[in-house]
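Asks: This is the structure, below, for whatever I ask next.
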Amino acid sequence: MIKKNALILGLVLVLAGGAFAQTAAPAAPIDFSKKTLQSERTRTYDALHYLVKLKVDMDQKSFAGEATVTLTSLRDGLAAVVLDAEEYKVTSVRNDYGEPLAFSQSDMELAVTLAKPAKIGETVTFTCAYAGRDPKIGLRFVAASADNPKIVYSDSFPNNVHHWFPCYDYPNDKVTCELVITAPAGNKVGANGRLVGVTEDKTAGTVTYHWSQELPISTYLIFFAAAPYIVVHDAYKTLPVNYWVYPQDEKKAIPTYGHTPRMIEFFSRTFGYDYPWQKYDQISVPSGGGAESTSATAMTQRVMVDEADLPDFPSIGIVSHELGHQWWGDLITLRSWAHTWLNESFGTYSDYLYWRYEKGEDEGALNLANKLAAYLREAKTRYIRPIVSDRYDKPGDMFDSHSYPKGARVIHMLRAILGDEAFFKTLSAFLHRFAFQPVETSDFIRTVKDVTGQNLDWFFDQWLFKPGHPVFDIGAQWDAKRKVVIMTVAQAQDFTRGIPVFRVPVAIKVVTAKGAVTTPVWIKEKSETFEFPAETKPLLVRFDEGNVLVKEVSFPRDLDELLYQLKSDDVIGRMDAAAALLRFKGEARTVPALAASVKADPFWAVRKASLESMAKLGGAGLPAALKQATRDADSNVRMAAVLALGDLKDKALVGFYEDLYKKDASVRVRAEALRALGKTGDKSLGPFLKQAADVPSRQNLIKRAAEAALKQIEGK
Ligand SMILES: [Zn+2]
């Protein structure tokens, strides 16, 4: 699941790259510990199968049909079955002999009286006839617009299936299901599982799709959508992989989704569990995010991208995230929303794993740094909570930056502690042991013990069941006499609200002229001192080599060390140094070092970080350096350069910006060039900007930038 805001956030992070601007934030305004205490739902029966036959009228926004429910009693003497049911009227209930059963319906429930009380283990079947119109949630009828054709699709997450058929709507019960959906001719209907058949009724002008989900899933994963889709066929070995797109997006299907077979291969191998379902469809819907309905992911249409815009709007983040859920969320599923991390932290770690696989080590490190920054933003500005929390007012409360990026980083720490072999063996064992079952956190913790022999209760206790993270105050000094580096480590977090003193392994790297030595140490106390041998004054002392920990750090270093780090450390260290050099504004060596980094660093995010620091420091050479950076190979750097150059408000650069607008390959850079024109305040640009405002572009970026620039030159 990726919610609308998370998607926007995700894209911004991926594109902006820089995750290092951390400003002091006000105290957390939300107290999660005061939210409602929740517990897993108790049930009296085990739902086995739903057969839903539904006719949808997309003009009237109505639906009518019947749902056949098969269940086994978990009680002796079960006299009545209570199902979740909202926003439609049930007109009859009959048992499998066709005999009417007594029933009553309230706003939220349907109670069916069985012909005779069921014994424990006894299976009963009955069929409910019902009809409804345009429900507020659960099933969305959307009129045709410039963005989408007329469409009806289910939006069942997190517990809204019962707004379109009566069922037990909580994830601790898994069912098989069949959807037989009749829609107006001209539409195609996608859904979970295997396509049993398609029949047309020419007289009625309808088409009926019969889908069968033959392996058990939780109800919120049940999905269908009907629209005049174009289905673009692809495959992974013999597995059908299909992209259901709107007619206008046909050419974007392969640029957007073409990585999917490679991802299926990668995840099957990495998780040690073959893709579990009969096919994989990705189906365009008008919503803002993605939802991992089993074997039929509902994907926002906004992800669709053509070849030209692909470098600026990569789709593999959300595509791999939703695909990862086919294992983490669909094969195994959270038993209650307290355990959301088992879906979302693993889904988010999946998108990291693929990003790293596809784009290499530096991009992987940046992806993880962005995830940490997203969590820290939430922790500093909104709230902290334990990742596993039975306090929430609604399931949606749990879909936040604790469940997504923090949990992903916690999984990454676990991997560092276990080592790759034991870590991936554990993931595979967990999936095999609990396949097609609902799970809770203790199931995972026990699997770690069983597979690795390690009791990591201390790890899970502090990272899953307690809130917060360590805030380290680090100092390091070289003792020339004793030839050692003395490092002081203090945990300076606020210890209220249950935030613990953390116990963490961490790697310390000491670099001298003779080479680098990395030493693992354990931090266990509020305040500790460590010593590391160093024959000469270190060029660099690096805390948390490998960037494993969820943490904040304050670690002042001198100019020489930062200049060395800017040139020689890993990407995260180099970005960190670029930001930290702002403290040395008056030093003659600072700006030339940053300028060299902007010109020559091999990784774009470091060039961008150095450029941003340079722009803050100013100086005579700045315009020339920024102009040069507008020719960088990476559009993120070019955009940052145009943004900073624009802030100089130099009218002499009008021609330069016009040229960039006309020639740059990136729509984001071109839009930024228009904004830079606006910042010059040059009123003669009116006609040029008005013309630009009519140019079509992805997400109307050009139009919006041109209109903002127009306002600016008109002094509005
Ligand atoms: Zn997700």
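Asks: Which residues' amide hydrogens lie under 5 Å from the amide hydrogen of Tyr45, considering only partners 5 or more residues apart or on another chain, with H built in the peptide plane?
Replies: Result for Tyr45 returns Leu74.
Asks: Would you work out which of Leu539, Pro556, Gly586 lies farthest towards the positive end of the dipole of the stretch 489-604? Charges go on Cβ: Lys and Arg +1, Asp and Glu -1.
Replies: Of the listed residues, the answer is Gly586.
Asks: Cα axis of helix 667-680 to longest principal axis of the chain: angle in degrees, 0 to 90, nearest 10?
Replies: Tilt relative to the chain: about 60 degrees.
Asks: I would also like to ask the following. Kindly rank 166-174, 627-635 from highest to lowest mean number of other beta carbons found within 10 Å of each residue.
Replies: 166-174, 627-635
Asks: About the Cα centre of the stretch 482-634, what is the dipole size in debye to 20, counting +1 per Lys and Arg Cβ and -1 per Asp and Glu Cβ, all else neutral?
Replies: About 200 debye.
Asks: Counting Lys and Arg as +1 and Asp and Glu as -1, each charge on the Cβ, what is the dipole of the stretch 591-716 about the Cα centre in debye, to the nearest 20?
Replies: Its charge dipole is roughly 200 debye.
Asks: Still on this structure: Summing +1 for each Lys or Arg and -1 for each Asp or Glu, what net charge is found among the other residues whose Cβ lies under 12 Å from the Cβ of Gly364?
Replies: -3
Asks: Using only Cα atoms, tell me the angle between helix 590-600 and the longest principal axis of the chain; keep it within 0 to 90° and round to the nearest 10.
Replies: Here the helix axis deviates by roughly 50 degrees.
Asks: For the stretch 103-112, what does the Karplus curve 6.51 cos²θ - 1.76 cosθ + 1.60, with θ = phi - 60°, yield as ³J(HN,Hα) per residue in whole Hz, taken in order and with x for Gly and Pro?
Replies: With the stated coefficients, the stretch 103-112 comes to 8, 9, 10, 9, 4, 10, 9, 10, 10, 10 Hz.
Asks: Just in the stretch 525-572: which trypsin sites (Lys or Arg not before Pro) are loop by DSSP and have at most 16 other Cβ atoms within 10 Å?
Replies: Loop-located and lightly packed - Lys526.
Asks: Under a straight-distance cross-link criterion of Cα-Cα below 28 Å, which lysines are reachable from Lys567, leaving out those fewer than 8 residues away in the same chain?
Replies: Here the lysines satisfying the reach criterion relative to Lys567 are Lys359, Lys371, Lys483, Lys509, Lys514, Lys537, Lys551, Lys585, Lys599, Lys608, Lys616, Lys627.
Asks: Helix-only estimate, please: 222 nm mean residue ellipticity of the chain, summing -39500 (n - 2.57) across DSSP H runs of length 4 or more and dividing by its residues, to the nearest 500.
Replies: -10000 deg cm²/dmol
Asks: Just tell me which aspartates and glutamates come within less than 13 Å, Cα to Cα, of Lys651; anything on the same chain fewer than 8 places away is out.
Replies: Qualifying aspartates and glutamates at Cα under 13 Å: Asp682.
Asks: Something else about it: Let me spell out the model: positive unit charges on the Cβ of Lys and Arg, negative unit charges on the Cβ of Asp and Glu, origin at the Cα centre of the chain. What dipole size does that give, in debye rounded to 20?
Replies: 1760
Asks: How large is the direction-averaged shadow of the alpha-carbon convex hull of the stretch 163-225, in nm²?
Replies: Here the figure is 4.4 nm², rounded to one decimal.
Asks: Compute the long axis of helix 341-359 from its Cα atoms, compare it with the longest principal axis of the Cα atoms of the chain, and write down the angle in degrees, 0 to 90, nearest 10.
Replies: 50
Asks: I've got another one for you. Placing +1 on the Cβ of each Lys and Arg and -1 on the Cβ of each Asp and Glu in the chain, which of Gly193, Ala693, Ser350 has its Cα farthest towards the positive end of the resulting dipole?
Replies: Ala693
Asks: Please compute the contact order of the stretch 362-449 in relative form: average sequence separation of alpha-carbon pairs under 8 Å and at least six residues apart, divided by the residue count, as a percent.
Replies: Rounded, it is 28 percent for the stretch 362-449.
Asks: Which three semi-axes in whole Å describe the equivalent ellipsoid of the stretch 270-414, each the square root of 5 times a Cα gyration tensor eigenvalue, listed largest first?
Replies: Each semi-axis is √(5λ); the values are 23, 19, 16 Å.
Asks: Checking the a/c ratio against 1.5 first, then a/b against b/c, what shape does the Cα gyration tensor give for the stretch 571-654?
Replies: Verdict is oblate for the stretch 571-654.
Asks: Let a ≥ b ≥ c be the square roots of the eigenvalues of the Cα gyration tensor of the stretch 599-711; is it rounded (a/c under 1.5), or, if not, prolate (a/b larger than b/c) or oblate?
Replies: Oblate is the answer for the stretch 599-711, as a/c is 1.5 or above yet b/c matches or exceeds a/b.
Asks: Another question, if that's okay. Can you give the net charge of the other residues whose Cβ lies under 13 Å from the Cβ of Tyr280, counting K and R as +1 and D and E as -1?
Replies: Every neighbour counted, the sum reads -3.
Asks: Identify, among Val598, Pro100, Gln493, the residue whose Cα sits farthest towards the positive end of the charge dipole of the chain, taking +1 on the Cβ of Lys and Arg and -1 on the Cβ of Asp and Glu, with the dipole about the Cα centre.
Replies: Of the options given, the answer is Val598.
Asks: Could you check the spin-label model distance between Thr519 and Asp393? Points 7 Å from the Cα along Cα→Cβ, value in nm.
Replies: Inter-label distance under the simple model: 5.1 nm.
Asks: Follow-up. In cubic angstrom, how much convex hull volume per residue do the alpha carbon atoms of the chain span?
Replies: 178
Asks: How would the stretch 335-436 be classified by its alpha-carbon gyration tensor: rounded, prolate or oblate, with rounded meaning a/c under 1.5 and the a/b versus b/c comparison settling the rest?
Replies: oblate
Asks: To check you understand DSSP bridge types, tell me what percent of the beta bridges within the chain (both residues inside) are antiparallel, rounded to 5.
Replies: Of those bridges, close to 80 percent are antiparallel.
Bear in mind these aren't lab numbers, they're just calculated from the coordinates by the rules spelled out. Every value quoted in this text rests on a predicted model; they were computed, and no experiment measured them. A quick note on method: Cβ atoms are made from the backbone with ideal geometry, for glycine too, and the neighbour counts reach across all protein chains shown.
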